[in-house]
1. Any idea of the total accessible area buried by the A-B contact, 1.4 Å probe, rounded to 100 Å²?
2. Any chance you could check the Cα centroid distance between the range A:388-437 and the range A:161-204 for me, in angstrom?
3. Give me a comma-separated list of calculated 3J(HN,Hα) values for the range B:110-126, in order, Karplus coefficients 6.51, -1.76, 1.60 applied at θ = phi - 60°, integers in Hz, x for any Gly or Pro.
4. I'd like the distance between the alpha-carbon centres of the range B:73-107 and the range A:99-150, rounded to an integer number of Å.
5. For the range A:419-486, what are the per-bin percents of Cα-Cα distances with bins 5 Å wide, up to the bin holding the maximum?
6. As a test of reading the structure, rank A:Arg330, A:Arg130, A:Arg571 by solvent-accessible area (1.4 Å probe, protein chains only), most first.
7. Suppose every K and R has +1 on its Cβ and every D and E has -1 on its Cβ; what is the size of the dipole of the range A:3-230 about the Cα centre, in Debye to the nearest 20?
8. Please compute the per residue accessible area over the protein assembly as shown with all protein chains in place, 1.4 Å probe, rounded to a whole number of Å².
Amino acid sequence: MHKLLTKNPGQKMLLLGNEAIARGAIEAGVAVASTYPGTPSSEISLNFFQMAQESDLYFEYSTNEKVAMEVAAAAANSGLRSMCVMKHVGVNVAADALMTLAYVGVKGGMVVLTADDPYMFSSQNEQDNRYYAKLSGLPLVEPSSVEEAKDLIAYAFEISEKLQEPVLFRTTTRINHSSAIVTLGKIKVPQTKGDFVKDPFNLVTVPAVSRKLHVKLLENIEKAKEFSEASQYNFITGNGKWGIICNGVSYNYASDAIKELDIADNIRFLRIGFSYPMPEKIIKPFLKACEKVLIIEEGEPYMEEQVKAFAQEEGLILPIRGKAKDLFSRLYEYDPAQVRENIARFFEVPYTPAVKPDISDVPELPQRPPTLCAGCSHRATYYAVKKAAEGLGTIYPTDIGCYTLGVLPPLSTADFLLCMGSSVGTGCGFSASTDKKVISFIGDSTFFHSGIPGLVNAVFNNHNFTLVILDNSTTAMTGHQPHPGVDMQDFNLTGYGRVSIEKVVRAIGVPHVEIIKPYRVNKSIAALKEAIDYEGVSVIISKEACTLYAQSLKKARGKPFYINEKCKDHRECVNELACPAFYIEGERVHINADLCSGCAVCAQICPEKAIVPVRSKEKIRSS
Amino acid sequence: METKRLIIVAVGGQGNLLASKVLGEAALLADIPVRMSEIHGMAQRGGVVESAVVFGDAESTIISDGEADVLLGFEPSETLRALNKCNAETVVITNTAPLPPFTVAIGKGTYPDLNELQKLIRQKTARMVAFDAQALAKQAGNFMSLNMVLLGSLIQTGIMPVSAENVKKAIRTSTKKAFVDINIKAFELGFEAAAKAA
Ligand code: SF4
Ligand code: SF4
């Protein structure tokens, strides 16, 4: 049985934040869950995916976040508890549905989880999605710890049902990817069959209906404010005159700091866990009881703005500070020492920071950026594209996935990136605005997510560029989730359809379509040259399974290669392909047989034909 | 309860997340408060993986620069890179078998001299335990048991509030059945290696 389905209330388990959240949803009786995978949220849906196979939970990997939102919205409007999970930028994709769903509301509880990523550990921006609550008028809750995350999910469902509105649930990476000991609660048996009651004059958002619904939304915000003011997740500890207001993980850093600085007697500490609407009736008296207030929140001054507005309404002139040059930044994540130091500075208490070692004499260390795996098909494709486009001065719009790592030299096949699917739209734009050849790259999952409209646009407006679809039959970067082009039998699952990328591309009417096998280097270069020469939209589908995934499925792995004595040390393999299986020892290139996947790409580019497969029983060097 | 802070640094694929999970499970067995965090974005693509384990009465799950009680390094140059997490009281345990990043192979950077590296760490911290943990993992029967070797030496130092007994129990319950014996052996080899180094 899946460990998160354990029926043993009171049992303690070491859980990752994302596991605790998934468990929280199960305890709350979630019936329908949907997602598009995105770090740092991915393990929540992975656990849903697994649990759905052995419980009544309906779960789906939707093609993108907007679809996921719509699926969950319909479930909740059929009376079921539903949840949709995405990373912060996913909410941008889903926002169109979300903004009007706030007008329409829900019948069963619905929780929308947004996993924000301060410091951008694995994201293209660090937007603060608390503003989505303000923008949409939907209630927002945010936990400070792994344990709290589990319990807060059930609470979010309750609030959602009371208000008949979806509730936003915001985490940050340090909640998602922290672990702690969690006490299991009871699992509520979910209602799994929904019923949709027609009510078009409240559910079909034509202008006349929406004008009414907006009034209802504003009333709902007032009600939500009362919930926020009564919430056990907005609480005050201490009764000193120095005020601190925190949300999320900052609360932990501040709690530790108060202890370490031994200032608990002076502090009045407000933790905000229900952060939209902000609890006016808690904050105003809090401010009146303080001499000065420090607001600690990663990201934007979301609470600070509101707290200052409350102070203004009350005519209070106490110092209220948060974001400032000498205090907290809007950039990146915070850490315990930084919070401790700023608390000490603001309240003028003595503090000696830990003495960090003087590392001025430590030699500069070689960087260790993440890189495409040894034998990754993307490296092979990029190599072929660079050869095919040699001397053309190409622009390479790229997209989001492992293949973004093509940005690193020597491949250097990434010039522009905005968001999921942007390689296609920006490819259109660059081809319309410059004389340069444009070659865009998009992965298979990203193509389904949001590449298709761009390609339709390219055909309709007759842009002149080549789109290379890197089809490795999985959503590799976020942990190998399936997508509509995948054979679900690989997961031992039946009852799924399958969408062919090639058929989609041809149906769109792309005039030049070619499929390549990127491990066949010369053939691929030739096909790419033709596509590049083509005036108009051309698409190359580069098809080869993600090697890491193929290996994990124990699908055939080729024999490793090694470099024999014919090697004349040109180093084209290292300098142009840079497969991480290569290493230099004794001024010679070697191949680490443990890493080499046997893709044979390097063997095809070696001018001396010195790279050959290891014959059985032959002695090879491995590191 | 006194707070103890441990930083583990490794290269993606070296298995440090399993090491911290085992520590967490061992703490759970002994009813010791524990919080951990990990950054494993793109871990499988050869980048650096860092995890933090905080035992005792603390709410934070991350560790600031200069505040680690122990630094456990799975790869020597990564141990050196993480020196900013240490202070003069920190104990450092490191594997000495290098795994140079591919940037070195393509001529973008030089791998540090291993003797120099050890000297630097020793100078700047309270104590260093350094040995070829990769060799011991192979001796235990699987090069992937490197993480268990290093756990063994970590526990030998006695700084973490979890016992060898509980860690071994956790190894039995939370590592793959087929590898349990090798993992226990690896743990013991690491434990002995640290005892010898003392
Ligand atoms: S996980 Fe797959 S797609 Fe990603 S870098 Fe590795 S081989 Fe390439
Ligand atoms: S065959 Fe060559 S390019 Fe392919 S994985 Fe092995 S070393 Fe790398």
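The values are calculated or read from the model by the stated rules, or taken from the named source; none is laboratory data. Values in this document were obtained by computation on a predicted structure and should not be read as measured data. Counting neighbours? That spans all protein chains shown, and the Cβs are built from the backbone with ideal geometry, glycine included. Heavy atoms of the whole protein, side chains included, go into the accessibility calculation; ligands, DNA and RNA do not. Shrake-Rupley method; radii C 1.70, N 1.55, O 1.52, S 1.80 Å.
1. When A and B are taken together, about 4800 Å² of accessible area is lost.
2. Spelled out, the Cα-based centre of one part sits 39 Å from the other.
3. Result, rounded to whole Hz: 10, 6, x, 5, 5, 5, 4, 4, 5, 4, 4, 5, 4, 4, 9, 10, 6.
4. 38 Å
5. All Cα pairs considered, the percentages come to 4, 19, 27, 22, 14, 9, 5, 1.
6. Order by accessible area, largest first: A:Arg330, A:Arg571, A:Arg130.
7. Magnitude of the dipole: close to 360 debye.
8. Here the per-residue accessible area is 40 Å².
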